[in-house]
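**Student:** Mind having a look at this structure? Questions to follow.
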Amino acid sequence: MVRIAVIGGGISGLAAAHRIRELDPAVEVRLFEASSRLGGVLGTVHEDGYQVEWSADNFITTYPWGLALCRRIGLEDELTSTCPENRRTLVVRKGRLHALPDGFLMMAPTRLWPMALTPLLTIWGKLRAGFEYFIPPRKVNSDESVAAFVRRRFGREVFERLVEPLVSGVYAADMERLSLLATLPRFREIEQRYGSLIRGMQKERALQRRHHRESGARYSMFVTLRNGLERLIGRLAEALPPESVRLNHRVLSLRKLNFGWEVGFHIPTDAGLQDQAEVFDGIILAIPAFEAARLVEPLDLELSTLLASIRYEGTAILALAYDRQAVRHPLRGMGCVVPAIEHSPILAVSFSSQKYLHRAPAGKVLLRVFVGGARHPDLASRPQEEIEKLVLPELTRLFAIDGMPEKRWFFPWPRSMPQYDVGHLERVGRIRSLIAKHPGLALAGNAYQGVGIPHCIHSGESAAESLLNQLVSTDKTAGKPAPHPIG
(Lines give C-alpha, C1' and ligand atoms only; values in the text may rest on other atoms or scores of the structure.)
Protein backbone atom coordinates (compact mmCIF):
# COMPACT_ATOMS: atom_id res chain seq x y z
CA MET A 1 0.00 0.00 0.00
CA VAL A 2 1.23 3.47 -0.91
CA ARG A 3 1.37 5.85 2.08
CA ILE A 4 1.47 9.66 1.78
CA ALA A 5 1.89 12.13 4.64
CA VAL A 6 0.40 15.59 4.30
CA ILE A 7 1.98 17.96 6.81
CA GLY A 8 -0.29 20.91 7.59
CA GLY A 9 -4.06 20.91 8.09
CA GLY A 10 -4.98 24.24 6.52
CA ILE A 11 -7.01 24.52 3.33
CA SER A 12 -4.01 23.57 1.15
CA GLY A 13 -3.26 20.44 3.15
CA LEU A 14 -6.92 19.40 3.31
CA ALA A 15 -7.29 19.91 -0.45
CA ALA A 16 -4.19 17.77 -1.02
CA ALA A 17 -5.38 14.94 1.24
CA HIS A 18 -8.85 15.01 -0.29
CA ARG A 19 -7.48 14.95 -3.84
CA ILE A 20 -5.32 11.92 -3.08
CA ARG A 21 -8.32 10.00 -1.75
CA GLU A 22 -10.46 11.23 -4.65
CA LEU A 23 -8.03 9.98 -7.30
CA ASP A 24 -6.98 6.77 -5.59
CA PRO A 25 -8.85 5.62 -2.45
CA ALA A 26 -6.36 2.77 -2.03
CA VAL A 27 -3.64 5.23 -1.03
CA GLU A 28 -3.27 5.62 2.73
CA VAL A 29 -3.16 9.28 3.75
CA ARG A 30 -2.01 10.74 7.06
CA LEU A 31 -2.70 14.42 7.70
CA PHE A 32 -0.49 15.89 10.44
CA GLU A 33 -1.66 19.11 12.11
CA ALA A 34 0.27 20.70 14.96
CA SER A 35 -2.75 22.48 16.46
CA SER A 36 -5.97 21.11 17.91
CA ARG A 37 -8.12 21.95 14.86
CA LEU A 38 -8.12 21.86 11.07
CA GLY A 39 -8.52 24.82 8.75
CA GLY A 40 -5.56 27.05 9.54
CA VAL A 41 -6.72 30.66 9.33
CA LEU A 42 -10.16 29.65 8.00
CA GLY A 43 -12.96 29.37 10.53
CA THR A 44 -16.35 30.81 11.42
CA VAL A 45 -17.89 32.07 14.67
CA HIS A 46 -21.66 31.67 15.09
CA GLU A 47 -22.87 33.77 18.01
CA ASP A 48 -26.21 35.45 18.80
CA GLY A 49 -27.23 35.55 15.15
CA TYR A 50 -23.84 36.83 13.92
CA GLN A 51 -21.65 34.92 11.49
CA VAL A 52 -18.06 36.11 11.79
CA GLU A 53 -15.28 34.74 9.60
CA TRP A 54 -11.83 34.40 11.14
CA SER A 55 -9.93 35.65 8.07
CA ALA A 56 -10.97 35.39 4.40
CA ASP A 57 -14.74 35.68 4.13
CA ASN A 58 -15.29 34.70 0.48
CA PHE A 59 -13.46 33.65 -2.68
CA ILE A 60 -13.44 34.60 -6.34
CA THR A 61 -14.81 32.26 -9.00
CA THR A 62 -12.83 33.61 -11.95
CA TYR A 63 -10.20 31.13 -10.78
CA PRO A 64 -12.08 27.83 -11.04
CA TRP A 65 -10.52 25.70 -8.33
CA GLY A 66 -12.59 26.80 -5.32
CA LEU A 67 -15.90 26.52 -7.14
CA ALA A 68 -14.93 23.17 -8.67
CA LEU A 69 -14.06 21.71 -5.27
CA CYS A 70 -17.34 22.92 -3.75
CA ARG A 71 -19.18 21.18 -6.58
CA ARG A 72 -17.33 17.91 -6.10
CA ILE A 73 -17.94 17.76 -2.34
CA GLY A 74 -21.61 18.72 -2.55
CA LEU A 75 -21.48 22.33 -1.38
CA GLU A 76 -22.50 24.11 -4.58
CA ASP A 77 -26.09 24.64 -3.38
CA GLU A 78 -24.76 26.44 -0.30
CA LEU A 79 -22.85 29.08 -2.28
CA THR A 80 -24.21 32.62 -2.23
CA SER A 81 -22.93 35.77 -3.94
CA THR A 82 -22.54 39.31 -2.65
CA CYS A 83 -25.51 41.63 -2.17
CA PRO A 84 -26.10 43.27 -5.60
CA GLU A 85 -27.07 46.74 -4.34
CA ASN A 86 -23.86 47.04 -2.31
CA ARG A 87 -21.34 46.04 -4.97
CA ARG A 88 -18.88 48.88 -4.72
CA THR A 89 -15.79 49.86 -2.73
CA LEU A 90 -15.21 53.08 -0.83
CA VAL A 91 -11.86 54.83 -0.44
CA VAL A 92 -10.85 57.22 2.33
CA ARG A 93 -9.57 60.67 1.34
CA LYS A 94 -8.79 63.23 4.04
CA GLY A 95 -10.95 61.41 6.54
CA ARG A 96 -14.00 61.11 4.26
CA LEU A 97 -15.36 58.16 2.29
CA HIS A 98 -15.74 58.32 -1.49
CA ALA A 99 -16.74 55.64 -3.99
CA LEU A 100 -14.01 54.04 -6.06
CA PRO A 101 -14.47 55.22 -9.68
CA ASP A 102 -16.84 52.84 -11.44
CA GLY A 103 -14.95 50.39 -13.61
CA PHE A 104 -11.57 50.85 -11.91
CA LEU A 105 -9.98 47.39 -11.78
CA MET A 106 -7.20 47.16 -9.19
CA MET A 107 -4.80 49.46 -11.05
CA ALA A 108 -6.43 50.63 -14.26
CA PRO A 109 -9.73 52.18 -15.43
CA THR A 110 -12.11 50.57 -17.90
CA ARG A 111 -14.16 53.78 -18.08
CA LEU A 112 -12.79 57.33 -18.35
CA TRP A 113 -15.77 59.47 -17.29
CA PRO A 114 -15.90 58.13 -13.69
CA MET A 115 -12.16 58.80 -13.41
CA ALA A 116 -12.69 62.37 -14.64
CA LEU A 117 -15.38 63.00 -12.00
CA THR A 118 -13.93 61.27 -8.95
CA PRO A 119 -13.11 63.49 -5.95
CA LEU A 120 -10.36 61.04 -5.00
CA LEU A 121 -7.93 62.69 -7.46
CA THR A 122 -6.95 66.31 -8.05
CA ILE A 123 -7.21 67.82 -11.52
CA TRP A 124 -3.45 67.36 -11.94
CA GLY A 125 -3.71 63.73 -10.87
CA LYS A 126 -6.44 63.16 -13.44
CA LEU A 127 -4.46 64.85 -16.20
CA ARG A 128 -1.39 62.76 -15.40
CA ALA A 129 -3.51 59.59 -15.40
CA GLY A 130 -4.94 60.50 -18.82
CA PHE A 131 -1.44 60.99 -20.20
CA GLU A 132 -0.94 57.23 -19.70
CA TYR A 133 -2.58 56.74 -23.09
CA PHE A 134 0.54 58.15 -24.77
CA ILE A 135 3.28 56.52 -22.67
CA PRO A 136 5.06 53.74 -24.61
CA PRO A 137 5.35 50.28 -23.06
CA ARG A 138 8.44 49.21 -21.18
CA LYS A 139 10.88 47.51 -23.54
CA VAL A 140 12.36 45.04 -21.06
CA ASN A 141 10.44 42.10 -19.61
CA SER A 142 12.14 41.96 -16.22
CA ASP A 143 10.09 42.16 -13.03
CA GLU A 144 9.33 45.47 -11.31
CA SER A 145 7.45 46.54 -8.22
CA VAL A 146 3.75 47.38 -8.36
CA ALA A 147 4.61 50.89 -7.12
CA ALA A 148 7.14 51.48 -9.91
CA PHE A 149 4.77 50.14 -12.58
CA VAL A 150 1.78 52.26 -11.55
CA ARG A 151 3.80 55.46 -11.07
CA ARG A 152 5.41 54.90 -14.48
CA ARG A 153 2.04 54.44 -16.19
CA PHE A 154 -0.36 56.68 -14.22
CA GLY A 155 1.66 58.89 -11.91
CA ARG A 156 1.98 59.33 -8.17
CA GLU A 157 -1.62 60.26 -7.31
CA VAL A 158 -3.30 57.25 -8.88
CA PHE A 159 -0.80 55.05 -7.10
CA GLU A 160 -1.19 56.67 -3.67
CA ARG A 161 -4.94 57.28 -3.74
CA LEU A 162 -6.28 54.25 -5.64
CA VAL A 163 -3.86 51.42 -6.31
CA GLU A 164 -1.86 51.32 -3.08
CA PRO A 165 -4.89 50.92 -0.78
CA LEU A 166 -6.62 48.40 -3.08
CA VAL A 167 -3.59 46.14 -3.51
CA SER A 168 -2.55 46.51 0.15
CA GLY A 169 -5.99 45.26 1.11
CA VAL A 170 -5.29 42.01 -0.76
CA TYR A 171 -1.60 41.34 -0.13
CA ALA A 172 -0.87 43.35 3.07
CA ALA A 173 2.38 44.18 1.29
CA ASP A 174 4.88 46.97 0.73
CA MET A 175 4.07 48.19 -2.78
CA GLU A 176 7.69 49.26 -3.30
CA ARG A 177 8.71 45.59 -2.99
CA LEU A 178 5.64 43.71 -4.26
CA SER A 179 6.30 41.90 -7.53
CA LEU A 180 4.10 42.89 -10.45
CA LEU A 181 4.74 39.66 -12.35
CA ALA A 182 3.95 37.44 -9.36
CA THR A 183 0.73 39.22 -8.38
CA LEU A 184 -0.82 41.19 -11.26
CA PRO A 185 0.89 40.00 -14.45
CA ARG A 186 -2.20 40.68 -16.55
CA PHE A 187 -1.49 44.41 -16.47
CA ARG A 188 2.03 43.94 -17.84
CA GLU A 189 0.53 41.76 -20.58
CA ILE A 190 -2.01 44.45 -21.45
CA GLU A 191 0.75 47.07 -21.56
CA GLN A 192 2.83 44.92 -23.90
CA ARG A 193 -0.11 44.02 -26.14
CA TYR A 194 -1.83 47.40 -26.47
CA GLY A 195 0.88 49.88 -25.53
CA SER A 196 -1.41 51.55 -22.99
CA LEU A 197 -3.47 50.20 -20.11
CA ILE A 198 -6.28 52.65 -20.82
CA ARG A 199 -6.40 51.58 -24.47
CA GLY A 200 -6.14 47.90 -23.55
CA MET A 201 -8.81 48.00 -20.82
CA GLN A 202 -11.22 49.79 -23.17
CA LYS A 203 -10.72 47.22 -25.90
CA GLU A 204 -11.14 44.32 -23.50
CA ARG A 205 -14.29 45.89 -22.09
CA ALA A 206 -15.68 46.17 -25.61
CA LEU A 207 -14.94 42.48 -26.17
CA GLN A 208 -16.71 41.60 -22.94
CA ARG A 209 -19.77 43.57 -24.02
CA ARG A 210 -19.75 41.83 -27.36
CA HIS A 211 -19.81 38.47 -25.60
CA HIS A 212 -22.39 39.67 -23.05
CA ARG A 213 -20.00 39.22 -20.17
CA GLU A 214 -19.99 41.23 -16.98
CA SER A 215 -17.59 44.16 -16.87
CA GLY A 216 -16.44 46.49 -14.12
CA ALA A 217 -15.35 45.19 -10.74
CA ARG A 218 -17.24 41.90 -11.13
CA TYR A 219 -18.20 41.71 -7.46
CA SER A 220 -20.83 39.08 -8.28
CA MET A 221 -17.93 36.73 -8.97
CA PHE A 222 -17.24 36.61 -5.22
CA VAL A 223 -19.06 33.89 -3.32
CA THR A 224 -19.16 32.39 0.14
CA LEU A 225 -20.96 29.53 1.90
CA ARG A 226 -24.21 30.49 3.61
CA ASN A 227 -23.25 28.75 6.84
CA GLY A 228 -19.66 29.98 6.84
CA LEU A 229 -16.39 28.89 5.28
CA GLU A 230 -15.94 26.42 8.13
CA ARG A 231 -18.36 24.27 6.11
CA LEU A 232 -15.64 23.81 3.48
CA ILE A 233 -13.17 22.72 6.15
CA GLY A 234 -15.69 20.40 7.78
CA ARG A 235 -16.77 18.73 4.55
CA LEU A 236 -13.17 18.08 3.47
CA ALA A 237 -12.40 16.58 6.89
CA GLU A 238 -15.51 14.39 6.73
CA ALA A 239 -14.38 13.00 3.37
CA LEU A 240 -11.19 11.60 4.96
CA PRO A 241 -11.11 8.36 6.94
CA PRO A 242 -11.20 9.21 10.68
CA GLU A 243 -7.83 7.60 11.28
CA SER A 244 -6.26 9.83 8.64
CA VAL A 245 -6.27 13.02 10.69
CA ARG A 246 -3.64 13.48 13.40
CA LEU A 247 -4.34 16.63 15.43
CA ASN A 248 -1.82 17.96 17.98
CA HIS A 249 0.94 16.17 16.05
CA ARG A 250 3.84 18.54 15.45
CA VAL A 251 6.26 17.23 12.83
CA LEU A 252 9.84 17.61 13.99
CA SER A 253 11.93 16.06 11.24
CA LEU A 254 12.10 14.50 7.79
CA ARG A 255 14.66 11.90 6.81
CA LYS A 256 15.14 10.42 3.34
CA LEU A 257 15.44 6.65 3.41
CA ASN A 258 16.47 4.26 0.68
CA PHE A 259 12.78 3.53 0.14
CA GLY A 260 10.59 6.34 1.34
CA TRP A 261 10.64 9.03 4.00
CA GLU A 262 10.71 8.94 7.76
CA VAL A 263 8.55 11.55 9.50
CA GLY A 264 9.38 12.29 13.12
CA PHE A 265 6.74 13.97 15.27
CA HIS A 266 5.47 14.73 18.79
CA ILE A 267 2.25 13.14 20.01
CA PRO A 268 0.38 14.12 23.18
CA THR A 269 0.11 11.44 25.89
CA ASP A 270 -0.98 11.42 29.52
CA ALA A 271 2.68 11.63 30.48
CA GLY A 272 3.36 14.57 28.12
CA LEU A 273 4.74 14.76 24.59
CA GLN A 274 6.22 11.60 23.15
CA ASP A 275 8.47 11.33 20.09
CA GLN A 276 7.45 8.89 17.36
CA ALA A 277 8.21 8.26 13.71
CA GLU A 278 6.47 6.70 10.72
CA VAL A 279 7.62 5.86 7.20
CA PHE A 280 5.82 7.11 4.08
CA ASP A 281 6.32 6.84 0.33
CA GLY A 282 5.64 10.52 -0.26
CA ILE A 283 5.42 13.81 1.64
CA ILE A 284 3.47 17.02 0.96
CA LEU A 285 4.62 20.01 2.98
CA ALA A 286 1.49 22.19 3.18
CA ILE A 287 2.93 24.54 5.79
CA PRO A 288 4.40 28.07 5.73
CA ALA A 289 7.64 28.35 3.79
CA PHE A 290 9.66 29.11 6.93
CA GLU A 291 8.38 25.88 8.54
CA ALA A 292 9.16 23.90 5.39
CA ALA A 293 12.67 25.44 5.46
CA ARG A 294 13.21 24.05 8.96
CA LEU A 295 12.23 20.52 7.93
CA VAL A 296 14.27 20.36 4.71
CA GLU A 297 17.42 22.00 6.07
CA PRO A 298 19.21 18.70 6.86
CA LEU A 299 18.20 17.43 3.43
CA ASP A 300 19.03 20.39 1.18
CA LEU A 301 20.57 23.57 2.57
CA GLU A 302 20.06 25.61 -0.60
CA LEU A 303 16.39 24.67 -0.78
CA SER A 304 15.98 25.54 2.89
CA THR A 305 17.65 28.91 2.39
CA LEU A 306 15.39 29.79 -0.53
CA LEU A 307 12.26 28.80 1.39
CA ALA A 308 13.38 30.81 4.41
CA SER A 309 13.96 33.86 2.19
CA ILE A 310 10.22 34.20 1.50
CA ARG A 311 9.23 36.98 3.89
CA TYR A 312 5.98 37.01 5.84
CA GLU A 313 3.88 39.80 7.33
CA GLY A 314 0.98 39.51 9.72
CA THR A 315 -2.44 41.07 10.09
CA ALA A 316 -5.05 41.27 12.81
CA ILE A 317 -8.82 41.46 12.38
CA LEU A 318 -11.12 43.17 14.85
CA ALA A 319 -14.80 42.35 14.24
CA LEU A 320 -17.35 44.71 15.77
CA ALA A 321 -21.15 44.55 16.05
CA TYR A 322 -23.29 47.70 16.34
CA ASP A 323 -26.94 48.55 16.39
CA ARG A 324 -27.80 49.93 12.93
CA GLN A 325 -29.20 53.13 14.44
CA ALA A 326 -25.82 53.83 16.05
CA VAL A 327 -24.05 53.94 12.67
CA ARG A 328 -25.19 57.05 10.81
CA HIS A 329 -23.17 56.36 7.65
CA PRO A 330 -25.30 54.60 5.00
CA LEU A 331 -22.63 51.89 4.42
CA ARG A 332 -23.61 51.48 0.77
CA GLY A 333 -20.77 49.24 -0.30
CA MET A 334 -18.76 46.13 0.46
CA GLY A 335 -16.24 48.01 2.54
CA CYS A 336 -13.56 50.66 2.40
CA VAL A 337 -9.80 50.81 1.97
CA VAL A 338 -7.49 53.37 3.54
CA PRO A 339 -4.44 54.75 1.67
CA ALA A 340 -1.13 54.81 3.50
CA ILE A 341 -0.94 58.59 3.07
CA GLU A 342 -3.96 58.92 5.37
CA HIS A 343 -1.66 57.81 8.22
CA SER A 344 -4.37 55.64 9.74
CA PRO A 345 -3.79 52.41 11.68
CA ILE A 346 -6.53 50.83 9.54
CA LEU A 347 -5.78 49.00 6.29
CA ALA A 348 -9.39 48.27 5.35
CA VAL A 349 -12.88 47.78 6.78
CA SER A 350 -15.22 45.10 5.46
CA PHE A 351 -18.93 45.90 5.80
CA SER A 352 -19.55 42.24 6.50
CA SER A 353 -23.32 42.48 7.03
CA GLN A 354 -23.72 44.62 3.90
CA LYS A 355 -21.62 42.30 1.79
CA TYR A 356 -23.67 39.25 2.81
CA LEU A 357 -26.94 40.14 4.52
CA HIS A 358 -27.18 36.88 6.49
CA ARG A 359 -24.13 37.70 8.63
CA ALA A 360 -25.91 39.85 11.22
CA PRO A 361 -29.38 39.91 12.82
CA ALA A 362 -31.93 42.38 11.47
CA GLY A 363 -31.22 45.89 12.63
CA LYS A 364 -27.54 45.17 13.37
CA VAL A 365 -24.25 45.92 11.61
CA LEU A 366 -21.11 43.77 11.51
CA LEU A 367 -17.80 45.45 10.58
CA ARG A 368 -14.44 43.70 10.25
CA VAL A 369 -11.41 45.97 10.64
CA PHE A 370 -7.99 44.97 9.25
CA VAL A 371 -4.73 46.28 10.70
CA GLY A 372 -1.05 45.42 10.36
CA GLY A 373 0.55 44.20 7.17
CA ALA A 374 3.78 45.66 5.84
CA ARG A 375 2.43 49.13 6.55
CA HIS A 376 2.17 48.58 10.34
CA PRO A 377 3.90 45.23 11.05
CA ASP A 378 3.90 45.70 14.82
CA LEU A 379 0.09 45.84 15.01
CA ALA A 380 -0.30 42.17 14.04
CA SER A 381 1.10 41.06 17.39
CA ARG A 382 -0.41 43.68 19.70
CA PRO A 383 -3.16 42.72 22.18
CA GLN A 384 -6.80 43.38 21.43
CA GLU A 385 -7.06 46.23 23.92
CA GLU A 386 -4.33 48.22 22.18
CA ILE A 387 -5.84 47.63 18.75
CA GLU A 388 -9.22 48.83 19.99
CA LYS A 389 -7.74 52.04 21.39
CA LEU A 390 -6.27 52.81 17.97
CA VAL A 391 -9.18 51.67 15.83
CA LEU A 392 -12.40 52.68 17.60
CA PRO A 393 -11.84 56.47 17.42
CA GLU A 394 -11.07 56.14 13.68
CA LEU A 395 -14.26 54.17 13.07
CA THR A 396 -16.32 56.69 15.03
CA ARG A 397 -15.07 59.50 12.78
CA LEU A 398 -15.36 57.60 9.50
CA PHE A 399 -18.82 56.16 10.01
CA ALA A 400 -20.37 58.68 12.42
CA ILE A 401 -20.91 56.05 15.12
CA ASP A 402 -22.66 56.82 18.39
CA GLY A 403 -21.43 54.78 21.34
CA MET A 404 -19.40 51.60 21.66
CA PRO A 405 -19.81 48.25 19.86
CA GLU A 406 -22.26 45.74 21.30
CA LYS A 407 -20.00 42.74 20.58
CA ARG A 408 -16.34 42.26 19.69
CA TRP A 409 -14.22 39.44 18.26
CA PHE A 410 -10.45 39.48 17.69
CA PHE A 411 -8.42 37.32 15.30
CA PRO A 412 -4.62 37.93 15.30
CA TRP A 413 -2.69 36.34 12.44
CA PRO A 414 1.03 37.13 12.91
CA ARG A 415 3.39 35.99 10.16
CA SER A 416 0.55 34.68 8.02
CA MET A 417 0.90 36.54 4.71
CA PRO A 418 3.80 35.58 2.39
CA GLN A 419 5.31 38.55 0.58
CA TYR A 420 5.78 38.16 -3.16
CA ASP A 421 8.75 40.50 -3.49
CA VAL A 422 10.24 41.50 -6.85
CA GLY A 423 11.98 38.41 -8.19
CA HIS A 424 9.51 36.03 -6.54
CA LEU A 425 8.91 34.05 -9.73
CA GLU A 426 12.63 33.45 -10.17
CA ARG A 427 12.88 32.30 -6.55
CA VAL A 428 9.98 29.88 -7.00
CA GLY A 429 11.51 28.61 -10.22
CA ARG A 430 14.73 27.80 -8.38
CA ILE A 431 12.76 26.09 -5.62
CA ARG A 432 11.04 24.01 -8.30
CA SER A 433 14.33 22.85 -9.75
CA LEU A 434 15.71 21.91 -6.34
CA ILE A 435 12.67 20.04 -5.08
CA ALA A 436 12.58 18.04 -8.30
CA LYS A 437 15.83 16.46 -7.10
CA HIS A 438 13.95 14.87 -4.20
CA PRO A 439 11.36 12.43 -5.60
CA GLY A 440 8.47 11.86 -3.24
CA LEU A 441 8.57 15.40 -1.83
CA ALA A 442 6.12 18.18 -2.80
CA LEU A 443 5.23 21.66 -1.56
CA ALA A 444 1.83 23.33 -1.23
CA GLY A 445 0.46 26.51 0.31
CA ASN A 446 0.08 30.22 -0.29
CA ALA A 447 3.80 31.03 -0.42
CA TYR A 448 4.36 30.14 -4.06
CA GLN A 449 1.70 30.89 -6.67
CA GLY A 450 -1.21 32.75 -5.11
CA VAL A 451 -2.62 33.72 -1.72
CA GLY A 452 -6.40 33.35 -2.17
CA ILE A 453 -8.55 30.34 -1.29
CA PRO A 454 -8.80 29.05 -4.90
CA HIS A 455 -5.02 29.23 -5.32
CA CYS A 456 -4.45 27.40 -2.03
CA ILE A 457 -6.86 24.66 -3.13
CA HIS A 458 -5.14 24.41 -6.51
CA SER A 459 -1.77 24.29 -4.79
CA GLY A 460 -2.76 21.32 -2.62
CA GLU A 461 -4.48 19.45 -5.44
CA SER A 462 -1.55 19.94 -7.83
CA ALA A 463 0.91 18.66 -5.22
CA ALA A 464 -1.30 15.61 -4.67
CA GLU A 465 -1.51 14.87 -8.38
CA SER A 466 2.25 15.28 -8.72
CA LEU A 467 2.94 12.69 -6.01
CA LEU A 468 0.38 10.25 -7.37
CA ASN A 469 1.98 10.48 -10.79
CA GLN A 470 5.32 9.65 -9.18
CA LEU A 471 4.18 6.90 -6.83
CA VAL A 472 1.22 5.07 -8.35
CA SER A 473 -0.07 4.13 -11.78
CA THR A 474 -3.84 4.39 -12.07
CA ASP A 475 -6.24 4.99 -14.92
CA LYS A 476 -7.28 8.23 -13.23
CA THR A 477 -3.86 9.81 -13.44
CA ALA A 478 -2.47 8.09 -16.54
CA GLY A 479 -2.31 10.22 -19.64
CA LYS A 480 -2.41 13.53 -17.78
CA PRO A 481 0.58 15.85 -17.85
CA ALA A 482 2.41 15.48 -14.53
CA PRO A 483 1.88 18.54 -12.32
CA HIS A 484 4.93 20.06 -10.70
CA PRO A 485 5.77 19.18 -7.09
CA ILE A 486 5.18 22.80 -6.12
CA GLY A 487 1.41 23.06 -6.14
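The values are calculated or read from the model by the stated rules, or taken from the named source; none is laboratory data. Note that this is a predicted model, so its numbers are computed, not measured. Positions of Cβ are generated from backbone atoms using ideal geometry, with glycine treated the same way; all protein chains shown enter the neighbour counts. The protein model used for the area step is the full one, side chains on, heavy atoms only, and it has no ligands, DNA or RNA in it. Shrake-Rupley method; radii C 1.70, N 1.55, O 1.52, S 1.80 Å.
**Student:** Restricting to segment 286-303, count the residues that are out of contact with any Gly (no Cβ under 9 Å at 6 or more places or on another chain) and either touching a residue at least 40 places away in the same chain (Cβ under 8 Å) or under 17 Å from VAL263 (Cβ atoms) (or both).
**Tutor:** We begin by selecting, within segment 286-303, every residue out of contact with any Gly (no Cβ under 9 Å at 6 or more places or on another chain); these are 290, 293-303.
Of the ones still in play, those that are also either touching a residue at least 40 places away in the same chain (Cβ under 8 Å) or under 17 Å from VAL263 (Cβ atoms) (or both) are 290, 293-300, 302-303.
Count: 11.
**Student:** Select from segment 136-159 the residues that are in a loop (DSSP other than H, G, I, E, B) and open to solvent by 50 Å² or more (accessible area, probe 1.4 Å) and list them in ascending order.
**Tutor:** Of everything in segment 136-159, those that are in a loop (DSSP other than H, G, I, E, B) and open to solvent by 50 Å² or more (accessible area, probe 1.4 Å) turn out to be PRO136, ARG138, LYS139, VAL140, ASN141, SER142.
**Student:** Just give me the residues in segment 342-366 being at negative phi, without any contact (Cβ under 8 Å) to a residue 60 or more places away in the chain and of a type outside the set (A, V, I, L, M), in sequence order.
**Tutor:** Across segment 342-366, the qualifying residues are PRO345, SER353.
**Student:** While we're here: Going by what's in this entry, would ASP57 be described as out of contact with any helix residue (DSSP H, G or I) (no Cβ under 8 Å at 6 or more places or on another chain) and either over 30 Å from ALA316 (Cα atoms) or part of a loop (DSSP other than H, G, I, E, B) (or both)?
**Tutor:** Working: out of contact with any helix residue (DSSP H, G or I) (no Cβ under 8 Å at 6 or more places or on another chain): no; either over 30 Å from ALA316 (Cα atoms) or part of a loop (DSSP other than H, G, I, E, B) (or both): yes.
Considered against the rule, which asks whether it is out of contact with any helix residue (DSSP H, G or I) (no Cβ under 8 Å at 6 or more places or on another chain) and either over 30 Å from ALA316 (Cα atoms) or part of a loop (DSSP other than H, G, I, E, B) (or both), ASP57 comes out as no.
Results for (1) within 21 Å of ASP174 (Cα to Cα); (2) open to solvent by 60 Å² or more (accessible area, probe 1.4 Å), shown as yes or no for each residue.
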| site | (1), (2) |
| --- | --- |
| ARG368 | no, no |
| GLY373 | yes, no |
| HIS376 | yes, no |
| LEU379 | yes, no |
| GLU385 | no, yes |
| PRO393 | no, no |
| LEU398 | no, no |
| GLY403 | no, no |
| LYS407 | no, no |
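**Student:** To continue, here is another question. Considering only segment 166-189, I want to know if a residue exists there that is surrounded by fewer than 19 Cβ atoms within 10 Å (Cβ to Cβ), under 25 Å from PRO377 (Cα atoms) and small (Gly, Ala, Ser).
**Tutor:** Checking segment 166-189: not a single residue is surrounded by fewer than 19 Cβ atoms within 10 Å (Cβ to Cβ), under 25 Å from PRO377 (Cα atoms) and small (Gly, Ala, Ser).
**Student:** Among the residues of segment 221-245, which ones are open to solvent by 20 Å² or more (accessible area, probe 1.4 Å) and β-branched (Val, Ile, Thr)? It would help to see each step written out before you state the result.
**Tutor:** At the first step, the residues of segment 221-245 found to be open to solvent by 20 Å² or more (accessible area, probe 1.4 Å) are 221-222, 226-227, 230-231, 234-235, 237-239, 241-243, 245.
Listed by number, the list holds a single entry, VAL245.
**Student:** Among what's in segment 96-127 and is in a helix (DSSP H, G or I) and out of contact with any Lys or Arg (no Cβ under 8 Å at 6 or more places or on another chain), pick the residue that is modelled with the lowest pLDDT.
**Tutor:** Per the criteria, the residue is LEU112.
**Student:** Please enumerate the residues belonging to segment 68-95 that are more than 20 Å from GLY169 (Cα to Cα) and in a helix (DSSP H, G or I).
**Tutor:** Hits for segment 68-95 are ALA68, LEU69, CYS70, ARG71, ARG72, GLU76, ASP77, GLU78, PRO84, GLU85.
**Student:** LEU425 passes all but one of (1) in a helix (DSSP H, G or I); (2) open to solvent by less than 60 Å² (accessible area, probe 1.4 Å); which number fails?
**Tutor:** (2) is the only condition that LEU425 fails.
**Student:** Counting just the residues of segment 367-413 that are outside any helix (DSSP H, G or I) and without any contact (Cβ under 8 Å) to a residue 24 or more places away in the chain, which one comes out farthest from LEU97 (Cα to Cα)?
**Tutor:** PRO383
**Student:** Across segment 439-451, which residue is farthest from LEU299 (Cα to Cα) among those that are open to solvent by 30 Å² or more (accessible area, probe 1.4 Å) and touching a strand residue (DSSP E or B) at 6+ places or on another chain (Cβ under 8 Å)?
**Tutor:** In the first step, residues of segment 439-451 are kept if they are open to solvent by 30 Å² or more (accessible area, probe 1.4 Å); the result is 439, 446, 449, 451.
With the extra rule that they be touching a strand residue (DSSP E or B) at 6+ places or on another chain (Cβ under 8 Å), the set shrinks to 446, 449, 451.
Numbers: ASN446: 22, GLN449: 24, VAL451: 27 Å.
The residue in question is VAL451.
**Student:** Can I ask one more? Would you check if there is a residue in segment 45-62 being out of contact with any Lys or Arg (no Cβ under 9 Å at 6 or more places or on another chain), in contact (Cβ under 8 Å) with a residue 12 or more places away in the chain, within 18 Å of GLY487 (Cβ to Cβ) and open to solvent by less than 30 Å² (accessible area, probe 1.4 Å)?
**Tutor:** yes
**Student:** Which condition does ILE486 not pass, out of (1) open to solvent by 40 Å² or more (accessible area, probe 1.4 Å); (2) modelled with pLDDT under 95; (3) touching a Phe, Trp or Tyr at 6+ places or on another chain (Cβ under 9 Å), if it passes all the others?
**Tutor:** (1)
**Student:** Looking only at residues that are polar (S, T, N, Q) and more than 21 Å from the chain's Cα centre (by Cα) in segment 195-238, which one is modelled with the highest pLDDT?
**Tutor:** Per the stated criteria, the residue is SER196.
**Student:** Counting only residues that are under 24 Å from GLY95 (Cα atoms) and open to solvent by less than 20 Å² (accessible area, probe 1.4 Å), which one in segment 116-135 is farthest from the chain's Cα centre (by Cα)?
**Tutor:** So the residue we want is GLY125.
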